[in-house]
1. For the range 18-123, which strands (runs of 3 or more DSSP E) that fit wholly inside it have 3 or more residues that are modelled with pLDDT of 95 or more?
2. Scanning for something of a type in the set (S, T, N, Q), surrounded by 11 or more Cβ atoms within 10 Å (Cβ to Cβ) and out of contact with any Lys or Arg (no Cβ under 7 Å at 6 or more places or on another chain), does the range 117-131 turn up at least one residue?
3. Do you know which residues across the range 35-71 are of a type outside the set (A, V, I, L, M, F, W, C) and closer than 25 Å to Glu148 by Cβ?
4. Only one of Lys230, Lys199 is in a helix (DSSP H, G or I), free of Cβ contacts under 8 Å to residues at least 60 places away in the same chain and under 30 Å from Phe31 (Cβ atoms); which?
5. Which residue is surrounded by the fewest Cβ atoms within 10 Å (Cβ to Cβ), if the candidates are limited to the range 1-17 and must be among the small types (Gly, Ala, Ser) and assigned to a strand (DSSP E or B)?
Amino acid sequence: MAARSIWKGSISFGLVNIPIKLYSATEDTTFSFNQLCKNGHRIKYKKWCPVEEREVPYEELKKGYEITKDSYVVIEKKELEGIKIKTTKTIDIKEFVSIVELDPLFVEKSYYAAPDSKTVDKAYIFLVSILKSTGKIAIGKVVLREKEQLVALRAYQRGIVMHVLHYLDEVKPMDEIKEISTIAGIKLKLEEQELALGKTLVDQLTSEQLDIGDYSDSYATQLQHMIEAKAQGKHHVIAEEAPAEGGRDLLDALKASVRKSSKGKRKD
């Protein structure tokens, strides 16, 4: 099935304007289950008001924002429409930065940005070339699905990938994680032998390049086989793996790991 674009617009920087289309770069392969009753009938959910003890029809539903427990500010549809961001259909590039400045933590979703023309626009090829040769990414803004998104444009293979980024206030500070924030007050000395073995283990497990194709979702594969077997009235047997050994101290664990990894890397 041919891919379908989800947005049409242009990339703009300086006086350069490049017509593009956006395509989803990834797809979710998560299995979706339906809730059934004990007799195998699909369950339906109702919009229920527990105070009035009645089902609420769609036309009565309103949007509310909780300000304190069980206290809401009701927002009308017209009020939301009044603050809609103007859709410009333009990815407005604000700056260029080194690609190493892009922390993967900020990437929310990725799209392929393809040229929107029967013949490839020279300006599109130009942008791909410039991003590759300079090792930079373009940072900009665009309105998608009624939200002003922060994005990064990156050269990838023969084209451009657009990463939708989280804003800084959408990323939780790591210090909010108690178990991590307390590390600063802990003073532990790593032994030279531990560090040496750690480096040896990393060297043994190091590849020249990352090939994502070497990995697959083992859980999804097993689940697919189970569903297919049950659909045919068969029983699917799952081979259990031996549990990982526990109770070792760091030095013993490193020694055992180095011995095991010397026999070859395992990828799933």
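1. Details: elements: 63-68, 71-75, 90-98, 107-115.
Filter on the range 18-123 gives 90-98, 107-115.
2. Initially, the range 117-131 is screened for residues of a type in the set (S, T, N, Q), giving 117, 119, 129.
Adding the requirement that they be surrounded by 11 or more Cβ atoms within 10 Å (Cβ to Cβ) leaves 117, 129.
Going one step further and asking which of them are out of contact with any Lys or Arg (no Cβ under 7 Å at 6 or more places or on another chain), we end up with 117, 129.
Looking for residues that are of a type in the set (S, T, N, Q), surrounded by 11 or more Cβ atoms within 10 Å (Cβ to Cβ) and out of contact with any Lys or Arg (no Cβ under 7 Å at 6 or more places or on another chain), one finds at least one in the range 117-131, hence yes.
3. Lys62, Lys63, Gly64, Tyr65, Glu66
4. Values: Lys199 fails: under 30 Å from Phe31 (Cβ atoms).
The unique qualifying residue is Lys230.
5. Narrowing the range 1-17 to residues among the small types (Gly, Ala, Ser): 2-3, 5, 9-10, 12, 14.
Adding the requirement that they be assigned to a strand (DSSP E or B) leaves 9-10, 12.
Details: Gly9: 20, Ser10: 18, Ser12: 16.
Checked the range 1-17; the qualifying residue surrounded by the fewest Cβ atoms within 10 Å (Cβ to Cβ) is Ser12.
For every residue, the table says whether it meets (1) touching a Pro at 6+ places or on another chain (Cβ under 8 Å); (2) of a type in the set (D, E, K, R); (3) outside the structural domain of Phe13 (by TED's automatic domain parsing).
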| position | (1), (2), (3) |
| --- | --- |
| Glu53 | no, yes, yes |
| Pro57 | no, no, yes |
| Lys63 | no, yes, yes |
| Ile67 | no, no, yes |
| Val73 | no, no, yes |
| Lys89 | no, yes, no |
| Leu102 | no, no, no |
| Leu105 | no, no, no |
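The values are calculated or read from the model by the stated rules, or taken from the named source; none is laboratory data. Note that this is a predicted model, so its numbers are computed, not measured. Heads up, the Cβs are rebuilt from the backbone with ideal geometry, glycines too, and the neighbour counts pull from every protein chain shown.
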